[in-house]
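One structure is given here, and the rest of the page talks about it.
Where a number appears in this text, it was derived from the coordinates with a stated rule and is not lab data. Note that the coordinates shown come from a computational prediction; the quantities given were computed from them, not determined experimentally. Cβ coordinates were reconstructed from backbone atoms using ideal geometry, including for glycine residues, and neighbour counts include every protein chain displayed.
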Amino acid sequence: MQQLADQQGWALEAARKAWETARRDLLAVREQRPKPMLDDKILTSWNGLLLKAFSTAYRHTGEEVLRQRAIHLADFLLAKAVKSNGGLWHRGWNGAFAIEGFLEDYALFAEGLIELYQATFEEKYLVAAKDIAEYALRHFHDPESPLLFFTADNAPPVLVRKKEVMDNVIPSSNAAFARVLLLLSEYYAEPRYRDRAEAMLTGVHGEFPAYAPAYASWAQTLFMEGVPVSALAVVGSEVEAFQKMTTGRYLPHLRLAGCKSRSELPLLRDKYNSTATLAFHCQKGVCDLPSENWKKMLDDFSMPV
């Protein structure tokens, strides 16, 4: 503002008044122009991506505001985007959700919920992810292929029920759903989840070399399956300290679980000991002997960035 005053030979207050007058005049002219369309809808799938981003960012930075945003977003979607029958709505707009959910909504929201569970150890998020995945397996299933349809069998009929295999502006819904199954198989010791994910990978991996850029999300899923996912479960009073100590670490092959007391989650069931905090390293439903030195176990699994 001082530069403007000097250029025009004005006092500083005169320059400020001239600037404000010009801004008001320009705004009045702009208000006469047709306004662009406003896209203010809420998409379950895109918010699933955001949920995963917030949760992952918290796990890498430890910034509590990111975790709180993830929790707020997840609770909002669970309250508004989940139907009474367990299915999902695709779009929220003007205060109401509508349009039957597509596979992308189920896959990306479930993946975000699993990531949030690892940032909070709140089992309700993991249970919700499992419920969403089970609904998708029932209603998007193709009896002739392990890949899932993009639309549900109880949605309004379409001429052709397609399958989304390649990445587009967002990751392939089938690739993301296969990752969800691999993760759930570890938490719930459910072989059919892993079997289905492996069958999905087998059905598409032959396309990777010719169309690699369109299969980046599948490559991520293949990496998760090829370098098997394992879990580090900590049970006992020190679980909050464990969760906080996981932040800022690079743990690409390790999934996290924890609880303060008894849990019915298969990965944590029957592992509680009231006298000590115990850590278990588990893979495909089988756990090593417990250790009280969970800090050393976490250090052993951490990789350099």
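So the values come out like this:
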item: Around Arg23: net Lys/Arg minus Asp/Glu count, Cβ-Cβ under 15 Å; result: +1
item: His141-Ser237 FRET efficiency (beta carbon distance; Förster radius 30 Å; 0.05 resolution); result: 0.10
item: Cysteines in the chain lacking a second Cys C-beta under 4.7 Å; result: Cys259
item: Rel. contact order, % - alpha carbon contacts under 8 angstrom, at least six apart, the chain; result: 13
item: 14 Å Cα-Cα reach of Lys162 towards aspartates and glutamates, excluding residues that sit fewer than 8 places from it in its own chain; result: Glu104, Asp142, Glu144, Asp153
item: Residue among Ala175, Leu12, Ala212 farthest towards the positive dipole end of the chain, charges placed on Cβ; result: Leu12
item: Hits among lysines - C-alpha to C-alpha of Lys271 under 24 Å, sequence gap 8 or more where chains match; result: Lys124, Lys130, Lys244, Lys260, Lys284, Lys295, Lys296
item: 0 to 90° range, to nearest 10: angle between helix 12-30 axis and the chain longest Cα axis; result: 70
item: In order through segment 140-153: 3J(HN,Hα) via Karplus (6.51 cos²θ - 1.76 cosθ + 1.60), integer Hz, x for Gly, Pro; result: 10, 5, 10, x, 9, 7, x, 6, 9, 5, 7, 10, 7, 6
item: Cα-based helix-to-principal-axis angle, 103-120 vs the chain, degrees rounded to 10; result: 80
item: Prolate/oblate/rounded call for segment 202-254, Cα gyration tensor, a/c under 1.5 rounded; result: prolate
item: Debye, to nearest 20: dipole size of the chain, +1 on Lys, Arg Cβ, -1 on Asp, Glu Cβ; result: 540
item: Segment 50-111: proportion of alpha-carbon pairs further apart than 13 angstrom, %; result: 64
item: Given charges at beta-carbon only (K, R positive; D, E negative), |dipole| of segment 61-131 in Debye; result: 240
item: FRET efficiency estimate (nearest 0.05) - Cβ-Cβ, Leu159 to Asn293, R0 45 angstrom; result: 0.15
item: 5 angstrom amide H check on His253, placed H, neighbours 5+ away; result: none
item: ³J(HN,Hα), Karplus 6.51/-1.76/1.60, whole Hz, each residue of segment 79-84, x for Gly, Pro; result: 7, 10, 9, 9, 7, 5
item: For the chain, convex hull volume per residue from C-alpha positions, Å³; result: 227
item: Inter-part distance where segment 189-212 and segment 79-150 are each reduced to a Cα centre, Å; result: 20
item: q = 0.19 Å⁻¹: log10 I(q)/I(0) that the Debye formula gives for segment 230-305, counting C-alpha atoms only; result: -0.72
item: Positive minus negative residues near Leu278 (Lys, Arg vs Asp, Glu; Cβ under 9 Å); result: 0
item: Check: segment 130-284 dipole with +1 on Lys, Arg Cβ and -1 on Asp, Glu Cβ, in debye; result: 360
item: In Hz, Karplus ³J(HN,Hα) per residue of segment 161-173 (6.51, -1.76, 1.60; θ = phi - 60°; x = Gly, Pro); result: 8, 7, 10, 9, 10, 7, 5, 10, 5, 10, x, 3, 5
